[in-house]
Amino acid sequence: MSSELQAQIRATLQNQGLSVPSLTWIQSAMPNRNPLPPLPVLVATIKTRLLAADLTTPGLFDSPSPALPSNLGNPEVKEVKLPRDVPVQVLDIDNLSKSKWDQVEELEAIARGEQTRGREIIRLPTGGNEEDEDGGAVSQGAAANANAANSAAAAAARNATHRLVLQDCKGQKVHGLELKRIDRIGIGSLNIGEKMILKRGTTVARGVVLLEPTTCAVLGGKVDAWHRAWTEGRLVRLKESVAADARG
């Protein structure tokens with residue numbers, strides 16, 4: 001791979017808001033084809049593989065690596081600002097606005113493929129009643145109830161507060177807390193292993209990263225094995241916790 005092509009790939013990734021991986025890693029992520037595909041296809045392939053990679057992979061970034069400051073998790077430090085952009089990956093997510101049982105139901109709905117329910121189109125009748133395709137009456141009240149339920153779910157999502165466990169390229173872990181709502185963050189919409197950029201100037205208070213739309217960019221991606229294990233394990237842990245609370 002020519003040095004000019006390497007520079008083009010790195011520049012394009014940087015322009016897309018990604019932390020630039022090392023040339024060695026880029027070379028390893030290149031498709032095994034001769035001739036190579038066009039630049040946009042190359043960049044898309046490398047970006048996909050970067051977002052699916054474990055950030056702690058040796059050699060992923062050049063030295064010095066874009067890691068969090070080593071004392072960031074110290075709860076005795078009242079407040080600090082990140083001195084640079086830092087890529088992190090999501091290891092855990094918790095909705096602090098929902099009860100454990102509500103979260104059990106949410107995860108079970110996701111497993112059944114019902115997570116998009118809040119975006120369903122409800123067919124409203126033009127009169128007091130209208131017939132559905134099977135000849136059954138669809139009442140105006142039922143449609144209104146469905147709309148109300150969807151509106152309530154959307155409002156709850158807008159007002160939710162999530163706590164994340166984030167990990168940098170050195171393996172350091174830190175909690176992130178939504179200070180202001182970030183639409184991409186949510187159980188069922190944010191993947192385990194998904195990549196984020198904590199931008200320069202992000203506030204860390206008492207060892208917790210305060211997440212805001214202006215300082216936190218969700219990039220996408222997923223580590224499939226992590227996400228599958230988290231989903232299965234979290235549902236079990238929540239059910240056990242609910243059962244323990246009921247016994248107590």
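Given labels modelled 7 Å from the Cα in the Cβ direction, how far is it in nm from GLU232 to SER63?
3.9
With θ set to phi - 60°, apply the Karplus curve 6.51 cos²θ - 1.76 cosθ + 1.60 along region 175-188 and write out the HN-Hα couplings as whole Hz, x wherever there is a Gly or Pro.
Each residue of region 175-188 in turn: 7, x, 10, 5, 7, 10, 4, 10, 4, 6, 8, x, 5, x Hz.
Test of the criteria: in region 156-238, which trypsin sites (Lys or Arg not before Pro) are in a DSSP loop and have at most 15 other Cβ atoms within 10 angstrom of their Cβ?
Qualifying residues, ordered by number: LYS170, LYS180, ARG184, ARG200, ARG206.
Give the residues of region 82-110 whose amide nitrogen is closer than 16 Å to a point set 7 Å from the Cα of ALA243 in the direction of its Cβ.
101, 104-105
Taking a spot 7 Å from the Cα of ASP224 along the direction of its beta carbon, which residues of region 183-200 have an amide N less than 18 Å from it?
Of the residues in region 183-200, 191-195 have backbone N under 18 Å from the label point off ASP224.
Give me the one-decimal nm value for the distance between modelled label points at ALA11 and LYS81, 7 Å along each residue's Cα-to-Cβ direction.
3.0
Suppose the chain between ARG112 and VAL165 were pulled fully straight at 0.36 nm per residue; how much longer would it get relative to their current alpha carbon spacing?
Taking ARG112 through VAL165 to full extension adds about 16.5 nm, to one decimal.
Which GluC sites (Glu not before Pro) does region 46-112 hold that lie in a coil by DSSP with at most 13 other beta carbons within 10 Å?
Here the GluC sites (Glu not before Pro) that fit, given the DSSP loop and packing criteria, are GLU76.
With N residues in region 3-51, what two-decimal value do you get for its Cα radius of gyration over 2.2 N^0.38 Å?
1.01
Read the figures in this text as sums done on the coordinates, not as results from a lab. Given the structure is predicted, the values throughout are model-derived calculations rather than measurements. Backbone-built Cβ (ideal geometry, glycine too); neighbour counts: all protein chains shown.
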